[in-house]
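Please read the structure below before turning to the comments.
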Amino acid sequence: MALELDEQDGQTPLDPDEMAGLIPDHLATKGDLNDWEQENILLAVRWLKRTRSPDVLSEGFCRDLHKRMLGKTWTWAGTFRKSDKNIGCDWTQVAVKLAQLFGNTRWWVENGIFPTDEIAARFHRELVWIHPFPNGNGRHSRMMADALLRSMGQPAFTWGGGGNLVSANEVRTRYLAALRAADQGDYQLLLAFVRS
């Protein structure tokens, strides 16, 4: 049975080649997929909590975290996308844009360019915009931002009070509105959201 995925606001559709990379064959609905992915992501959260002093601002960590989050779901987990999407830079520029983001973020941290929360929020927004992977970019970039905060000795973001940011709901709507405002250079909504 083929898994039917309904599109919702803010989600990146998968192309047929990417869909063919689905590992479990028992999933029938989008809800089943979300639940399966969430179980995998919890394993990544546990791994991240045990990891001491990771080099968060590196391509290796970025890929490894994505693979740990979604490696039991998708064969391409941890592999950069190979096609353009409805969001993100040109797919051929993903590695270059990531290296620039990591370098910029290191500079922000080392020179105290922004307050800590703003560094992590800007890092998150830029990572979402680059959109390195075929799927899971929002969840991945939130975990990356939290890992960055942890590396700076700060608590993780609350991301709208811990609401579900995958399903269509009011918390997700506020999150997407905050990201879209940040896309236009206004970070106030995102900074409020990440600690609400």
Open item on the list: Being part of a helix (DSSP H, G or I) and not hydrophobic (A, V, I, L, M, F, W, C): is that true of K72 here?
Closed with: no
- [ ] List the helices (runs of 4 or more DSSP H) that sit entirely inside region 107-196 and contain at least 3 residues that are out of contact with any strand residue (DSSP E or B) (no Cβ under 7 Å at 6 or more places or on another chain), modelled with pLDDT under 95 and open to solvent by 20 Å² or more (accessible area, probe 1.4 Å).
- [x] 170-183
Task: Flag for K49 being basic (K, R), in a helix (DSSP H, G or I) and either on the phi < 0 side of the Ramachandran plot or modelled with pLDDT of 95 or more (or both) - done: yes
Open item on the list: Checking V94 against (1) of a type in the set (A, V, I, L, M, F, W, C); (2) assigned to a helix (DSSP H, G or I); (3) surrounded by 20 or more Cβ atoms within 10 Å (Cβ to Cβ), only one condition comes out false. Which one?
Closed with: (3)
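Matching residues to (1) in contact with a helix residue (DSSP H, G or I) (Cβ under 9 Å, 6 or more places away or on another chain); (2) over 22 Å from T75 (Cβ atoms):
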| residue | (1), (2) |
| --- | --- |
| N137 | yes, no |
| A145 | yes, yes |
| F157 | yes, yes |
| N164 | yes, yes |
| A168 | no, yes |
TODO: Only residues that are within 21 Å of K49 (Cβ to Cβ), free of Cβ contacts under 8 Å to residues at least 60 places away in the same chain and among the hydrophobic types (A, V, I, L, M, F, W, C): list them for region 150-196, please.
DONE: M152, A156, F157, W159, L165
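The values are calculated or read from the model by the stated rules, or taken from the named source; none is laboratory data. Fair warning: this is a prediction, and the values are worked out from it, not measured in the lab. Cβ atoms come from the backbone with ideal geometry, glycine included; neighbour counts cover every protein chain shown. Only protein heavy atoms, including side chains, enter the accessible area calculation; ligands, DNA and RNA are left aside. Shrake-Rupley method; radii C 1.70, N 1.55, O 1.52, S 1.80 Å.
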